[in-house]
Amino acid sequence: MTMEQDLLKEVANISTGYAATALSTLLQRQVAMNVPEIALHEMEDLPRLSGYHHEVCATVHAPIAGDVEGTMFFLTSMDTAVRLVNMVLPNVVNDLDVQAYPLASSAFQEIGNIVIGSYVTAIGSLTSLTLYPLVTELTIDIGSAVLAEATYQLVEVDQFFLMETAMRVKNEEEGMEGFLLFIPNERAVSVLKRALERDRP
């Protein structure tokens, strides 16, 4: 594992700890999270990296501001989105159309806020940088369309961070997974690398 991968994994481990604690409180069940993959990728790879390229997915999107600026996306399959929502608001959603139920949409958006906020908090904790998510938006669309829009909006960006998250909730037979994508602006990648390496013992 390279130093860069090691540093990113450290961010991932801290952020999943924050997210698991917050989600456990929200869902009122024990949540375990791990990160099978976290890596820095080239922007040209973005549309084909998501596991939901040809699948409708639920996406929470947040602009990131502060010392590090960019955009963050939390994506899950519709099945995972419905399962998570029904843990917060039992029996509110009876099909995969989360967007048709305002309460369900709000619940999933809050779950996305927690995951994104945990990652942002972890970066700040490790680097002593100030960064924070702005108002989030929920989108239900085919994964490739969501990612193509992200690519279009950030044409000047060369690289992005991809963190795959795996979640297991107590008393749920099947695990759940999602993707967290952090697309920093042009100068943010170098700022993050310098800050992480500076704080490394």
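Coordinate-derived values only; no laboratory data. Bear in mind the structure is a predicted one, so any value in this text is a computation, not a measurement. Virtual Cβ from ideal backbone geometry, glycine too; neighbours counted across all protein chains shown.
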Contact order relative to length of segment 3-198, as percent, for alpha carbon pairs under 8 angstrom and 6 or more apart
33
Determine, for Leu40, Leu89, the number of other Cβ atoms within 10 Å of each Cβ, and report the residues in order from fewest to most.
Leu89, Leu40
Mind giving me the nanometre distance, one decimal, between the label points for Glu137 and Asp79, set 7 Å out from Cα along Cα→Cβ?
2.9
Other-chain or far-sequence residues with amide H under 5 Å of Leu131's (modelled H):
Asp67
Which ordering of Val88, Val146 is given by a fewest-first count of other beta-carbon atoms within 10 Å?
Val88, Val146
Take Asn185, project a point 7 Å from its Cα along the Cβ direction, then tell me which residues of segment 88-120 have their backbone nitrogen under 18 Å from it.
120
Determine, for His41, His61, the number of other Cβ atoms within 10 Å of each Cβ, and report the residues in order from fewest to most.
His41, His61
May I ask you to order 133-145, 67-79 by the average number of other C-beta atoms within 10 Å around their residues, highest value first?
67-79, 133-145
Obtain the nm distance between the two label points defined at Leu103 and Gln28 by a simple spin-label model: each point lies 7 Å from its Cα along the Cα-to-C-beta direction.
1.3
